[in-house]
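The values are calculated or read from the model by the stated rules, or taken from the named source; none is laboratory data. Nothing here was measured: the structure is a model prediction, and the numbers come from that model. Every residue, glycine among them, receives a Cβ derived from its backbone with ideal geometry; neighbour counts consider all protein chains shown. Note: accessible area is taken over every heavy atom of the protein model, side chains too, but ligands, DNA and RNA are not part of it. Shrake-Rupley method; radii C 1.70, N 1.55, O 1.52, S 1.80 Å.
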Amino acid sequence: MATSMNGAETLLRTLLNNDVNVCFANPGTSEMQFVAALDRHPEMRGVLCLFEGVATGAADGYARMTGRPAATLLHLGPGLANGLANLHNARRARTPLVNVVGDHALSHKALDSPLESDIEAAAGTVSSWVRRLGAVADIGPGAADAVAAALSAGVPDPTDASDPSRTGTSGAISTLVVPADLSWSPGTPPAPRRAPRPPRAADASDMARAVELLTGPEPAALLIDGAGLTESGLHAAARIQKATGTPSFCPTWPARLRRGAGVPHIQPLGYRAEAVASQLSGVRHLVLVGAREPVASFAYPGRPGVLTPQGTTVHQLAPDTGVDVLAALTELAEAVAPGVPAPAPVRAAPVPPADEELHTGNWAQVIGALLPQEAVVVDESITEGMDTLAPATADAPAHDVLGLAGLAIGQGLPVALGAALACPDRPVVCLQADGSALYTISALWSHARENLDITTVILNNRSYAILRAELERTGKGPIGPAATALLDLGRPDIDFTALAAGMGVPATRARTTAELAAQFAAALATPGPHLIEAVLRPV
């Protein structure tokens, strides 16, 4: 007997019409109609995540690798709240993403039941577009609008004075709030595909000024982000540097960066203010191409928050949203380096270090020496990789790196989940700090359930090392036992191999470079997920 279409099916079919075919879900009662509709539409892949922060991080990783949004399915305001940290990271990465948040039925809202909350207020902290559906007829158009808005974030709609992108909110997250009774009511026809608004070209006067600066007498540099960090963008930057001597930099942890053999190198800015000051020393003009002016992640006593050195003037060629960054960078290269080919980088392949105890200075060399072609590297190595990972993998086979753009820890394991589903033909390597792994450790269960080729390396130094460094930089003096207790992950030591095994992921432990190399090579050669606990000498 045929089942008539309800509102949930209208929603699901509209998402499919708009090329959203993966949904990372942690559903509850209000979302059961959507869950049931999945049986009638197997083309929508539902992926169960045991925590909402895993679902939102996975949607982020999926979209970073495909360029199109996945959906999340979240339960009421508390479910959305559990996913906010990784939605923050996705917003900072400018990732297109569509949250579907179920809510109480319209007739139930006034009862103030235990899970009642202000969903729109929470969603507004991370979303560039938020809409609550008020009638069944709104479901199809609302879902199509949500996808188009996620893909159009930062591109103003000249026909709509209420366009959320006019607020300047960065990011590309849409949140659609769906009352439960709209989901179970008889549906209306799904909405067709709605084309996103295309990005605009860089302003002609900004382009002319950038050309003048790069060909002028005063030292200039480019700070590039977004689509400028694709291979095409990096070749354009390399042409510019060859013709004018202008160096290029990127953020410390960009959302996605192409790197490795055959790819022009770009230097990430250092995390610390003194490192950035050294990198930009002597630069009189810093031109932003899809990037923001660099600032310190935190305030420190007696230290400036803006990292651009005094005497350096900042110019904007392409804002971080709304402008076609790759087109702007390519146009700039054509203007200052006409006919100049990008240099073909020839660099020696990395070699593994001599066998010794694992520590901050050598673990990344093992990864660089063994990294496979076209790997997707999810980098949440934080302290252990801050100064070591980029040089160790610069000459590895060409690969993509997904970084912690929003600095909210707990991203690595979920983003690896999404990236692996997006690119099933590419190996995914998750380089994960120990403390932040515990925020979303349940993602390992989803790695196993979906049988994904993800090799996770837990960098276990048994501490929140980044926080120890931050405590020292605040000038609070010697660190005593009470402070140390809040930064130490021992007593008891955490057994990551046992945690992984309990969630269905085969796991091993390495204490030396030789052990890490052997275990990493074996994991890459064996289908399915694996975890290696790399026990590092404490920093």
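Considering PRO114, PRO78, PRO96, which residue is surrounded by 24 or more Cβ atoms within 10 Å (Cβ to Cβ) and more than 15 Å from LEU12 (Cα to Cα)?
Values: PRO114 fails: surrounded by 24 or more Cβ atoms within 10 Å (Cβ to Cβ); PRO78 fails: surrounded by 24 or more Cβ atoms within 10 Å (Cβ to Cβ).
Exactly one of PRO114, PRO78, PRO96 is surrounded by 24 or more Cβ atoms within 10 Å (Cβ to Cβ) and more than 15 Å from LEU12 (Cα to Cα), namely PRO96.
Out of ALA375, ALA422, ALA408, one residue alone is within 20 Å of the chain's Cα centre (by Cα) and free of Cβ contacts under 8 Å to residues at least 60 places away in the same chain. It is ALA375. So if I check each of ALA485, ALA498, which one is small (Gly, Ala, Ser) and either at pLDDT below 95 or open to solvent by less than 50 Å² (accessible area, probe 1.4 Å) (or both)? Going through ALA485, ALA498 in turn, just one is small (Gly, Ala, Ser) and either at pLDDT below 95 or open to solvent by less than 50 Å² (accessible area, probe 1.4 Å) (or both): ALA485.
Flag: THR188 does not match the condition of being part of a strand (DSSP E or B) and either at pLDDT below 95 or hydroxyl-bearing (Ser, Thr, Tyr) (or both). Which pairs have Cβ atoms under 7 Å, sit 6 or more apart or on different chains, and link a residue in region 313-332 that is of a type in the set (Ser, Thr, Tyr) to one that is part of a strand (DSSP E or B)? Between residues of region 313-332 that are of a type in the set (Ser, Thr, Tyr) and residues that are part of a strand (DSSP E or B), the close pairs are THR313/HIS285. Counting only helices (runs of 4 or more DSSP H) wholly contained in region 197-299, the ones carrying 1 or more residues that are over 29 Å from GLY385 (Cα atoms) occupy 204-214, 231-244. Could you please give the count of residues in region 414-426 that are under 16 Å from ARG256 (Cα atoms) and either open to solvent by 10 Å² or more (accessible area, probe 1.4 Å) or aliphatic (A, V, I, L, M) (or both)? The total comes to 8.
Taking the stated definitions as given, is ALA85 farther than 20 Å from ALA146 by Cα and either open to solvent by 10 Å² or more (accessible area, probe 1.4 Å) or modelled with pLDDT of 95 or more (or both)? The answer is yes for ALA85.
Consider ARG256 carefully, then state whether it is open to solvent by 20 Å² or more (accessible area, probe 1.4 Å) and in contact (Cβ under 8 Å) with a residue 60 or more places away in the chain. It is true that ARG256 is open to solvent by 20 Å² or more (accessible area, probe 1.4 Å) and in contact (Cβ under 8 Å) with a residue 60 or more places away in the chain. If you go through region 14-29 one residue at a time, do you hit one that is farther than 30 Å from VAL377 by Cα, surrounded by 24 or more Cβ atoms within 10 Å (Cβ to Cβ) and in contact (Cβ under 8 Å) with a residue 12 or more places away in the chain? Yes, because at least one residue in region 14-29 is farther than 30 Å from VAL377 by Cα, surrounded by 24 or more Cβ atoms within 10 Å (Cβ to Cβ) and in contact (Cβ under 8 Å) with a residue 12 or more places away in the chain. If a residue has to be within 28 Å of the chain's Cα centre (by Cα), open to solvent by 60 Å² or more (accessible area, probe 1.4 Å) and not hydroxyl-bearing (Ser, Thr, Tyr) to count, how many in region 122-141 make the cut? Looking only at that region, the number is 2. For region 206-232, residues that are more than 19 Å from PRO251 (Cβ to Cβ) and not aliphatic (A, V, I, L, M) total 8.
Among the residues making up region 350-409, a single one is open to solvent by less than 20 Å² (accessible area, probe 1.4 Å), within 17 Å of ARG272 (Cα to Cα) and hydroxyl-bearing (Ser, Thr, Tyr): SER381.
Every residue, every condition in (1) modelled with pLDDT of 80 or more; (2) closer than 27 Å to CYS23 by Cα, yes or no:
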| residue | (1), (2) |
| --- | --- |
| ASN451 | yes, yes |
| GLU470 | no, no |
| GLY477 | no, no |
| GLY490 | no, no |
| ARG511 | yes, no |
| GLU515 | yes, no |
| VAL535 | yes, no |
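In region 176-211, the residue that is farthest from the chain's Cα centre (by Cα) out of those that are open to solvent by 30 Å² or more (accessible area, probe 1.4 Å) and hydrophobic (A, V, I, L, M, F, W, C) is TRP184. Screening region 304-331 for residues that are surrounded by fewer than 14 Cβ atoms within 10 Å (Cβ to Cβ) and assigned to a loop (DSSP other than H, G, I, E, B) and picking the one that is farthest from the chain's Cα centre (by Cα) gives GLY311. Close contacts from region 230-251, counting a first residue that is charged (D, E, K, R) and a second that is surrounded by fewer than 18 Cβ atoms within 10 Å (Cβ to Cβ) and in a loop (DSSP other than H, G, I, E, B), with Cβ to Cβ under 9 Å and a gap of 6+ residues or different chains, come to GLU231/GLY262; GLU231/ALA398; ARG239/VAL340; ARG239/PRO341; ARG239/PRO343; LYS242/VAL340; LYS242/PRO341; LYS242/PRO343.
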